[in-house]
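Let me begin by presenting the structure, written as structure tokens, before commenting on it.
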Amino acid sequence: MRIKSKGEVGMKLGIVIPCYNEEEGLAETTKRLQTLLEEMVELGEISQESFVCYVDDGSRDTTWELIEKFTEESEFFRGIKLSRNFGHQNALIAGLMQLKEEADALVSMDADLQDDISVVKGFVEKYKEGYEIVYGVRDDRTNDTNFKRGTAEFFYKFQSFMGIESISNHADYRLLSRKALQALADFKEVNLFIRGIVPLIGFRSCSLYYTRGERFAGETKYPLKKMLLFALDGIASFSVMPLRIITIVGFSIFMFSLLMILWVVFEKLFLGTTIQGWSSMMISIYFIGGIQVMSIGIIGEYVGRIFQQSKGRPRYIIDKEI
Ligand code: UDP
Ligand code: MG
């Protein structure tokens, strides 16, 4: 760590941006961030050595060539190239872990600038007030599609039902101080859901609100399938509630079946009308069968996570850094 002289102004800020096939928008993003950083340096809010680091998550278009170009053109820009596509969360953790010693605080954001970049100024102010974590929270989602908004709302409700502490409408737009990053480094999980881990770090934290814009170029890199898998990580990596629900359901069915046995015996001995009841039998076979298969599936989700964690594979592999 570099020792700063007392008179030196500004903290050293790093901005980390995972990029996957973002060639269409990256030039614009770079331009806007360049302006933002210049302005903040000018005002003495951040130091001259502040930077933006793009993490190329194995893009198959010209994203990396663009990043190389930007690093040559401006002192502010850096790049990390991963060896293949690891996914948004892994690319983000790669950037955060790689750069955690090099700045006083890191801000993470998406390449599409859907998140209002002027909020970065607010992040820095809060940091200077002594906050270690500052969350960017969307105050409305009118610029998202109805589908995305609906599924997201359902997801946040479901998560809180499962007893997971999370911040609604906060994605991965936040500031983490060096201290918070060091704490984050101790979370070794492989099935990453960073926005679920950060609240577990603790420290002094606060939220800043902003309006989320539209993606100005390219299309979403989160198709439905990725979104569902991500949501599954957001639940199964943080809560054993689904397993508990299985136990409760299983126990209820067991109690119910005891009553049924009594009823069946009673019917057999005293009423003698055992032939009827075919429909109720069929229904219960399907019902129990369905619950069993579903329960095995849920248990499988957890076993699968134990499997992946026990292999201890790296969360990301770096090819190049510039
Ligand atoms: N991203 C990534 N790897 C992936 C998918 C996405 O690094 O496998 C990046 C992407 O380039 C963007 C960010 O993650 O900077 C968020 O993706 P996107 O904007 O497509 O998600 P959305 O805003 O639609 O949820
Ligand atoms: Mg986006």
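Which of the residues belonging to segment 197-230 are within 16 Å of ligand 2 (Cβ to nearest atom) and among the hydrophobic types (A, V, I, L, M, F, W, C)? Answer for segment 197-230, where residues must be within 16 Å of ligand 2 (Cβ to nearest atom) and among the hydrophobic types (A, V, I, L, M, F, W, C): Phe216, Ala217, Leu224, Met227, Phe230. For Ala27, the conditions (1) under 19 Å from Tyr173 (Cα atoms); (2) among the small types (Gly, Ala, Ser); (3) assigned to a helix (DSSP H, G or I) are fulfilled apart from (1). Run down Ile246, Ile194 and say which single residue is surrounded by 14 or more Cβ atoms within 10 Å (Cβ to Cβ), touching a residue at least 40 places away in the same chain (Cβ under 8 Å), more than 16 Å from ligand 2 (Cβ to nearest atom) and closer than 30 Å to Gly304 by Cα. None of the others qualify; the one that does is Ile246. Taking each residue of segment 275-300 that is over 27 Å from Val240 (Cα atoms) and looking for partners that are in a helix (DSSP H, G or I) and acidic (Asp, Glu) with beta-carbon atoms closer than 9 Å, six or more apart or interchain, yields Gly277/Glu267. Scan segment 184-228 for residues that are among the small types (Gly, Ala, Ser) and at positive phi and the total you get is 2.
May I ask you to verify whether Lys188 is under 18 Å from Tyr131 (Cβ atoms) and surrounded by fewer than 17 Cβ atoms within 10 Å (Cβ to Cβ)? Considered against the rule, which asks whether it is under 18 Å from Tyr131 (Cβ atoms) and surrounded by fewer than 17 Cβ atoms within 10 Å (Cβ to Cβ), Lys188 comes out as no.
Considered as a group, the residues in segment 20-38 that are under 25 Å from the mean Cα position of the chain (by Cα) and of a type in the set (Asp, Glu) include one that is surrounded by the most Cβ atoms within 10 Å (Cβ to Cβ), and that residue is Glu22.
One line per residue, one yes/no per condition, for (1) more than 26 Å from the chain's Cα centre (by Cα); (2) β-branched (Val, Ile, Thr); (3) under 23 Å from Ala94 (Cβ atoms):
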| site | (1), (2), (3) |
| --- | --- |
| Gly272 | yes, no, no |
| Trp278 | yes, no, no |
| Ile285 | yes, yes, no |
| Ile288 | yes, yes, no |
| Gln292 | yes, no, no |
| Glu301 | no, no, no |
| Ser310 | no, no, yes |
| Lys320 | no, no, yes |
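Where a number appears in this text, it was derived from the coordinates with a stated rule and is not lab data. Keep in mind that what you see is a predicted model, and the values were worked out from it rather than measured. Ideal geometry is used to build each Cβ from the backbone, glycine not excepted, and the neighbour counts take in all protein chains shown.
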